[in-house]
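Only one structure is covered here, and it is reproduced in the block below.
The values are calculated or read from the model by the stated rules, or taken from the named source; none is laboratory data. Keep in mind that this is a model prediction, so the values were computed, not measured. Here the Cβ positions follow ideal geometry from the backbone for every residue, glycine too, while neighbour counts run over all protein chains shown.
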Amino acid sequence: MTWYKAVENVFDHIPGNEVQQNWVRKTKPIESVPETRDLSEVAQYFVSAQVLFDEKMYHQIIIRNNDIAEKVQKHLMPHYNKIRGFYKDDQLVEVRLSDLKAASREKYIEQLRNEEIHPFVHGLRGGQKIDASSRFSIPAPLTWVKLDLEEIRGDSERVSDSFWDFLSATLSTESGVVCFTPALWEFEEEVKHNPAIQYLSRVCEEMYLSINQTDSTVQTMMVISRF
């Protein structure tokens, strides 16, 4: 049995794929939190992007409730020098994190060396720095495929855990869509065994990959999850 099928007009498969209303947001800096050597699994996902992908990038975190706000303050803010809050009607709704602290970078590299990285993060990011500018410098036509999650996860059951609950709640759109940019994956049979795909097959409802038609690399991994 095949583990994927090609799909056209992939965004037609996304429930509630409507244009979101724009609204005026107030923004102001948030004072940096004292650094910590405690790099949680949640923090690993965000920190790894600056360590292995693009040190100048920033993360935009959606704040949907007070519980998320507290976790962002505890797990993420201590690792960044620049923190900016976005407000709607004086309510914090997003946090932007940039300028990764040197100590947090060193801690991630230490965890990577000691094989202490969450399987999803390691599968997604890999262990080597990627030249992001060269990867996306030349546009290429894409093919989208939908993965058969039951076929991929086999006898493994669907699970729910706090790591994915946090990522899906802070990264997803209102319709439950989350997009990831993986390391240099080749679209071949072996990719279905990647720890990131195996992990997501047990926590999300649908998964799509965009494939570069020129070199058969996976450009985007898009999943649908309910938070």
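Things to note:
- Being of a type outside the set (A, V, I, L, M), surrounded by 13 or more Cβ atoms within 10 Å (Cβ to Cβ) and part of a strand (DSSP E or B) holds for only one residue in 219, 198, and it is 219.
- So residue 105, is it out of contact with any helix residue (DSSP H, G or I) (no Cβ under 9 Å at 6 or more places or on another chain) and basic (Lys, Arg): no
- Among the criteria (1) in contact with a Gly (Cβ under 7 Å, 6 or more places away or on another chain); (2) modelled with pLDDT under 90, the one residue 176 does not fulfil is (1).
- Within segment 83-95, if we keep just the residues that are surrounded by 14 or more Cβ atoms within 10 Å (Cβ to Cβ) and touching a residue at least 40 places away in the same chain (Cβ under 8 Å), the residue that is farthest from the chain's Cα centre (by Cα) turns out to be 87.
- Checking 91, 73 one by one, the residue that is out of contact with any Lys or Arg (no Cβ under 9 Å at 6 or more places or on another chain), farther than 16 Å from residue 42 by Cβ and not assigned by TED's automatic domain parsing to the domain that holds residue 197 is 91 and no other.
Residues checked against (1) over 16 Å from residue 76 (Cβ atoms); (2) crowded, with 16+ Cβ neighbours inside 10 Å; (3) among the small types (Gly, Ala, Ser):
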{"site": "102", "(1), (2), (3)": "yes, no, yes"}
{"site": "107", "(1), (2), (3)": "no, yes, no"}
{"site": "125", "(1), (2), (3)": "yes, yes, no"}
{"site": "130", "(1), (2), (3)": "yes, yes, no"}
{"site": "139", "(1), (2), (3)": "yes, no, no"}
{"site": "142", "(1), (2), (3)": "yes, no, no"}
{"site": "172", "(1), (2), (3)": "yes, yes, yes"}
{"site": "180", "(1), (2), (3)": "yes, yes, no"}
{"site": "190", "(1), (2), (3)": "yes, no, no"}
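- Residue 214 being surrounded by fewer than 16 Cβ atoms within 10 Å (Cβ to Cβ), touching a residue at least 24 places away in the same chain (Cβ under 8 Å), touching a Gly at 6+ places or on another chain (Cβ under 9 Å) and not small (Gly, Ala, Ser): no
- Inter-residue pairs, beta-carbon under 8 Å, first in the same structural domain as residue 76 (by TED's automatic domain parsing) and in segment 150-172, second modelled with pLDDT under 90 and of a type in the set (Gly, Ala, Ser), 6+ apart: none
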